[in-house]
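Working notes, beginning with the structure itself.
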Amino acid sequence: MFIAEAAGLQALKATGRVRTPAVIAGGASDSTAFLVLEALDLVPLDQKAGARLGEALASMHRVTGDSYGWTGDNFIGTTPQINTTHPSWPHFFGDRRLRPQLQRALANGMDKALVAKGIGIVERLGGLFLEYRPLSSLVHGDLWSGNAGALADGTPALFDPACYRGDRETDIAMAELFGGFPTSFFAAYRAAWPLDRDYERRKPLYNLYHVLNHYNLFGGAYLGQAQRMIDRLLGDVRR
């Protein structure tokens, strides 16, 4: 897990677009692992720093590759995240993101009928991408407000990534899911790189991944939200 986190931080830093804590050292023994990072004295994002982060994230998302995925698997929270590359974004997101979470949810007690509905979304996912071909952008992958902050001079910083190359909308969708980002962040991002007109239609799809992960990590408090999202998305992909 620490090796994957270090690789993600180094990938973000290498773009030259965003500030991250430097990776200093890491290692492991038979019973213990550790990762030493640069200590950053961070404060919550204000409107000015939020705008700077929005611009920086849009610039980072312009660092693209030839396929979707990553050089190795990593983690979303403590959940393994499969990153085997694929040239098709709907295939990648369906098989590498939603399907594993649904399989975990079934093992964790989610109703079989609800899981079957979720699999139905995976199998019809291409219908949401008939006119949209996202670039394979470098994404943070776990972009909630707890993984961002600002230095005393207002320089924004990102940490705790779950990086891969995918649709940039996944970062924006997650940032909206849990809240906490200043409005200037979203406004500055859209000014630097406007989102596709059908972003709102895909946002529940991208956030279902994180809601399912929270169900699998933290339990039934997220069940109702997952059910509502699955029912909405299943109706959408059946159109």
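The values are calculated or read from the model by the stated rules, or taken from the named source; none is laboratory data. Keep in mind that what you see is a predicted model, and the values were worked out from it rather than measured. Here Cβ is always computed from backbone atoms with ideal geometry, including for glycine, and neighbour counts include all displayed protein chains.
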Determine the pairs where a residue that is more than 19 Å from Tyr189 (Cα to Cα) and part of a loop (DSSP other than H, G, I, E, B), located within segment 6-30, has a partner that is modelled with pLDDT under 95 and among the hydrophobic types (A, V, I, L, M, F, W, C) with Cβ atoms under 9 Å apart, the partner being 6 or more residues away or on another chain. none
Let me spell it out: the conditions are (1) modelled with pLDDT of 95 or more; (2) buried (at least 17 other Cβ atoms within 10 Å of the Cβ); (3) touching a Phe, Trp or Tyr at 6+ places or on another chain (Cβ under 8 Å), and His140 meets all of them except one. Which number is the exception? (3)
Could you grab me the full set of residues in segment 161-186 that are assigned to a loop (DSSP other than H, G, I, E, B), more than 21 Å from Pro90 (Cβ to Cβ) and within 11 Å of the chain's Cα centre (by Cα)? Pro161
Which residue out of Gly69, Gly50 is among the small types (Gly, Ala, Ser), touching a residue at least 60 places away in the same chain (Cβ under 8 Å) and either closer than 15 Å to Leu212 by Cα or out of contact with any Pro (no Cβ under 7 Å at 6 or more places or on another chain) (or both)? Gly69
Report whether or not Gly146 is surrounded by fewer than 19 Cβ atoms within 10 Å (Cβ to Cβ), over 27 Å from Pro80 (Cα atoms) and without any contact (Cβ under 8 Å) to a residue 60 or more places away in the chain. no
Anything in segment 149-173 that is of a type in the set (Phe, Trp, Tyr) and either closer than 18 Å to Ala39 by Cβ or without any contact (Cβ under 8 Å) to a residue 12 or more places away in the chain (or both)? List them, or say none. Phe159
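Restricting to segment 148-160, what's the tally of residues that are under 21 Å from Thr79 (Cβ atoms) and either out of contact with any Leu (no Cβ under 9 Å at 6 or more places or on another chain) or not in a strand (DSSP E or B) (or both)? Walk me through how you get there before you give the answer.
Within segment 148-160, the first condition is being under 21 Å from Thr79 (Cβ atoms), and the residues that meet it are 148, 158-160.
Pick out the ones that are also either out of contact with any Leu (no Cβ under 9 Å at 6 or more places or on another chain) or not in a strand (DSSP E or B) (or both) and you get 159-160.
Residues flagged as under 21 Å from Thr79 (Cβ atoms) and either out of contact with any Leu (no Cβ under 9 Å at 6 or more places or on another chain) or not in a strand (DSSP E or B) (or both) within segment 148-160 amount to 2.
Quick grid of which residues meet (1) over 23 Å from Arg168 (Cα atoms); (2) of a type in the set (Phe, Trp, Tyr); (3) surrounded by 18 or more Cβ atoms within 10 Å (Cβ to Cβ):
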residue	(1), (2), (3)
Ala4	no, no, yes
Leu12	no, no, yes
Thr20	no, no, yes
Asp30	yes, no, no
Phe34	yes, yes, no
Glu38	yes, no, no
Report yes if some residue within segment 95-111 is surrounded by fewer than 16 Cβ atoms within 10 Å (Cβ to Cβ), of a type outside the set (A, V, I, L, M, F, W, C) and closer than 19 Å to Thr170 by Cα; otherwise report no. no
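Mind listing whichever residues of segment 170-223 are among the aromatic types (Phe, Trp, Tyr) and either touching a strand residue (DSSP E or B) at 6+ places or on another chain (Cβ under 9 Å) or surrounded by 14 or more Cβ atoms within 10 Å (Cβ to Cβ) (or both)?
Taking segment 170-223 first, the residues among the aromatic types (Phe, Trp, Tyr) are 178, 181, 185-186, 189, 193, 199, 206, 209, 215, 218, 222.
Result: Phe178, Phe181, Phe185, Phe186, Tyr189, Trp193, Tyr199, Tyr206, Tyr209, Tyr215, Tyr222.
For segment 72-84, which positions are in contact (Cβ under 8 Å) with a residue 60 or more places away in the chain and either over 16 Å from the mean Cα position of the chain (by Cα) or surrounded by fewer than 22 Cβ atoms within 10 Å (Cβ to Cβ) (or both)?
Initially, segment 72-84 is screened for residues in contact (Cβ under 8 Å) with a residue 60 or more places away in the chain, giving 72-79, 81, 83.
Passing the criteria: Gly72, Asp73, Phe75, Ile76, Gly77, Thr78, Thr79.
Just to be sure, is Gly50 out of contact with any Phe, Trp or Tyr (no Cβ under 7 Å at 6 or more places or on another chain), small (Gly, Ala, Ser) and crowded, with 20+ Cβ neighbours inside 10 Å? Give the steps one after another, and end with the answer.
Working: out of contact with any Phe, Trp or Tyr (no Cβ under 7 Å at 6 or more places or on another chain): no; small (Gly, Ala, Ser): yes; crowded, with 20+ Cβ neighbours inside 10 Å: yes.
It is false that Gly50 is out of contact with any Phe, Trp or Tyr (no Cβ under 7 Å at 6 or more places or on another chain), small (Gly, Ala, Ser) and crowded, with 20+ Cβ neighbours inside 10 Å.
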